[in-house]
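Q: Mind looking over this structure? Questions follow.
Read-outs throughout are calculated quantities, based only on the coordinates presented, and are distinct from any laboratory measurement. Because the structure is predicted, anything quoted here is derived from the model rather than measured. Virtual Cβ from ideal backbone geometry, glycine too; neighbours counted across all protein chains shown.
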Amino acid sequence: MSHKESFLQYLKVEKRYSPHTVRSYQNDLDQFYSYLSENLIPDDPEGISSHHIRAWIVCLMNNGIAPVSVHRKISCLRVFYRFLRKEGIVKSDPMEKVVLPKRKKTLPVFVGEEALDTLLDRNNFGDDFAGLRNRMIIEMLYFTGMRRSELTGLRDTDIDFSGSAIKVTGKRNKQRIIPLTGPFIKKLEEYIRSRNEITGTEKGNWLFITEKGNKLYDKYVYNIVKGYLTMVTTIEKKSPHVLRHTFATHMLNRGADLNAIKEFLGHANLSATQVYTHNTFEKLKKIYKQAHPRA
């Protein structure tokens with residue numbers, strides 16, 4: 001087994017990274033090794049220097065790769081070399097001498113409250129299975145802030161109907177409980193009745209399925225969300241993750257505690273959640289300029 005294969009296995013088994021994250025690390029490492037091969041650089045980890053890695057960064061930037069993507073690729077190499085040192089494969093870490101290019105800070109993109117109200121209150125999703133499912137997908141993402149991968153991994157057994165809550169399995173298989181409202185639970189029950197006409201009533205069913213009864217996949221969910229958000233907003237990004245940003249921003253705007261948002265989102269630390277405070281601050285500045293007589 002190669003060093004790269006051992007590393008990916010380590011991510012899967014010991015670090016318990018999601019399949020999506022492991023694929024991202026694999027793609028980044030494949031790109032790095034391709035660069036080494038194209039430039040006739042031996043791929044022995046012990047012989048790779050910080051000079052080689054800095055040259056790869058320059059190559060990425062010259063090819064128009066965005067700084068945020070460069071940061072992710074270098075982050076992959078940092079984890080890779082920490083693994084190699086842990087295993088005694090290399091004695092020194094070339095990443096210690098690598099300085100990353102500055103990354104422009106971007107605020108999370110979100111949909112306005114009025115736009116979501118228009119979509120959920122005035123749009124006709126339809127009364128057939130597909131319509132009920134599509135509406136439930138939009139509401140589940142917006143009402144809970146869960147990730148797309150968490151949504152596609154939901155099963156019937158994750159729902160506590162009597163307790164009005166749902167169990168979500170997040171990154172590294174960490175689980176959290178998110179409360180649901182009574183009306184939302186009733187909509188879920190209506191959707192499941194419609195779904196069971198297609199799949200039957202076996203316990204452990206995937207909560208969300210295609211019209212053919214198969215488990216939803218990422219691109220399928222993306223297309224559903226993008227299609228409906230296009231009806232009510234002109235923002236460039238219209239992905240399921242935008243609804244996660246929207247959930248957090250709307251909750252904070254209405255006075256929710258930042259620590260509570262952290263728990264809802266399943267963030268490991270508060271710093272990941274604090275990015276949403278920038279959006280609320282921008283709203284405060286706008287209100288200040290509109291309301292203060294001397295502003």
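Q: Consider all pairwise Cα distances in segment 159-277 and report the whole-number % of them above 21 Å.
A: On the way: 3783 of 7021 pairs.
Value for segment 159-277 (Cα pairs over 21 Å): 54 percent.
Q: How large is the dipole of segment 113-290 about the Cα centre if only Lys and Arg carry +1 and Asp and Glu carry -1, each at its Cβ, rounded to the nearest 20 debye? Can you show the working numbers first?
A: Working: 29 positive and 21 negative charges, 140 e Å.
Computed charge dipole of segment 113-290: roughly 680 debye.
Q: Among Ile166, Ile74, which comes first, second and so on when ranked by fewest other beta-carbon atoms within 10 Å? Present the calculation step by step, with values, prior to reporting the outcome.
A: Values: Ile166 24, Ile74 21.
The order, fewest Cβ neighbours first, is Ile74, Ile166.
Q: Give the Rg/Rh ratio for the chain, taking Rg as the radius of gyration of the Cα atoms and Rh as the Kirkwood radius, to two decimals.
A: Working: Rg = 22.6 Å, Rh = 22.0 Å.
Here the Rg-to-Rh quotient is 1.03.
Q: Name the residue farthest towards the positive end of the dipole of the chain from the options Asn62, Gly182, Pro240, assuming +1 on Cβ of Lys and Arg, -1 on Cβ of Asp and Glu, about the Cα centre.
A: Asn62
Q: What is the helix-to-structure angle for 275-291, meaning the angle in degrees between its Cα long axis and the longest Cα principal axis of the chain, kept from 0 to 90 and rounded to the nearest 10?
A: So the inclination is approximately 60 degrees.
Q: Provide the per-residue ³J(HN,Hα) series for segment 60-67, in order, calculated from phi with Karplus coefficients 6.51, -1.76, 1.60 and θ = phi - 60°, each as a whole number of Hz, with x at glycine and proline positions.
A: Here the 3J(HN,Hα) series is 4, 5, 5, 8, x, 6, 5, x Hz.
Q: Where in segment 118-212 are there trypsin sites (Lys or Arg not before Pro) that are in a DSSP coil and have at most 12 other Cβ atoms within 10 angstrom of their Cβ?
A: Lys174, Lys203, Lys212
Q: Right, here's the next one. Evaluate Rg over Rh across segment 104-227, taking Cα atoms for both radii and Kirkwood's formula for Rh.
A: Values: Rg = 14.7 Å, Rh = 15.4 Å.
Taking Rh as the inverse mean 1/r over Cα pairs, Rg/Rh reads 0.96.
Q: Please compute, for the alpha-carbon atoms of segment 3-97, the extent along each of the three principal axes and give them in descending order in Å.
A: Result for segment 3-97: principal-axis Cα extents of 36, 29, 22 Å.
Q: On a 0 to 90 degree scale, rounded to 10, what angle separates helix 182-199 from the longest Cα axis of the chain?
A: 80
Q: Continuing with the same structure: Would you calculate, for the chain, the mean residue ellipticity at 222 nm contributed by helices, counting each DSSP H stretch of 4 or more residues as -39,500 (n - 2.57) and dividing by all residues, to the nearest 500? Before the final figure, lay out the partial values.
A: Details: 13 runs with 168 residues, N = 295.
Roughly -18000 deg cm²/dmol at 222 nm, from the helical runs in the chain.
Q: Angle between the Cα long axis of helix 19-38 and the longest principal axis of the chain, 0 to 90 degrees, nearest 10?
A: 30
Q: Kindly provide the Kirkwood hydrodynamic radius of segment 177-233 in Å, to one decimal, from all pairs of distinct alpha carbon atoms.
A: Details: mean 1/r = 0.0757 Å⁻¹.
By the Kirkwood definition, the hydrodynamic radius is 13.2 Å.
Q: While we're on this one: What aspartates and glutamates does Lys15 reach when the alpha-carbon gap must be under 17 Å and sequence neighbours fewer than 8 apart in one chain are set aside?
A: Here the aspartates and glutamates satisfying the reach criterion relative to Lys15 are Glu5, Glu87.
Q: Still on this structure: First obtain the Kirkwood hydrodynamic radius of segment 33-154 from its Cα pairs, then insert it into the Stokes-Einstein equation at 37 °C and 0.692 mPa s, and state the resulting D in µm² per second as a whole number.
A: Working: Rh = 18.7 Å.
Translational D for this selection: 176 µm²/s.
Q: Hey, fewest Cβ within 10 Å first, where do Glu189, Glu14 land in order? Please report the intermediate quantities before stating the final value.
A: Values: Glu189 12, Glu14 9.
Ranked by crowding around the Cβ, least crowded first: Glu14, Glu189.
Q: Continuing with this model, one more query. Counting each pair of different Cα atoms once, what's the Kirkwood radius of segment 56-99 in Å, rounded to one decimal? Could you put the intermediate results ahead of the total?
A: On the way: mean 1/r = 0.0887 Å⁻¹.
Final number for the Kirkwood radius of segment 56-99 is 11.3 Å.
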